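I have placed the structure first, in the form of structure tokens, so that the comments after it can refer back to it.
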């Protein structure tokens, strides 16, 4: 499983998101991605990629697409 597949799967598993629309998800636009869901998502991503995100990155993680940019700071490539 490559990083993009792993990343996508975390969203699907954590937020019960539809694979067809997962790339368009934004914070608080999906019922499961509320403040509690956000912390569950962050924890799952940290576990999946064996990282520890900074507080500013956790707060700024507001969409599927922007999340990829944030994870790039932790040397996670989606190429």
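The values are calculated or read from the model by the stated rules, or taken from the named source; none is laboratory data. Note that the coordinates shown come from a computational prediction; the quantities given were computed from them, not determined experimentally. For neighbour counting, all protein chains shown are included, and Cβ atoms are generated from backbone atoms with ideal geometry for every residue, glycine included.
What are the pairs, 6+ residues apart or on separate chains, where a residue within region 64-79 that is modelled with pLDDT under 95 has its Cβ under 9 Å from a residue that is not in a loop (DSSP other than H, G, I, E, B)?
Here the result reads 78/3; 78/4; 78/7; 78/68; 78/71; 78/72; 79/3; 79/4, each pair linking region 64-79 to a residue that is not in a loop (DSSP other than H, G, I, E, B).
So, of the residues in region 27-65 that are out of contact with any helix residue (DSSP H, G or I) (no Cβ under 9 Å at 6 or more places or on another chain) and over 22 Å from residue 75 (Cα atoms), which turns out to be surrounded by the most Cβ atoms within 10 Å (Cβ to Cβ)?
34
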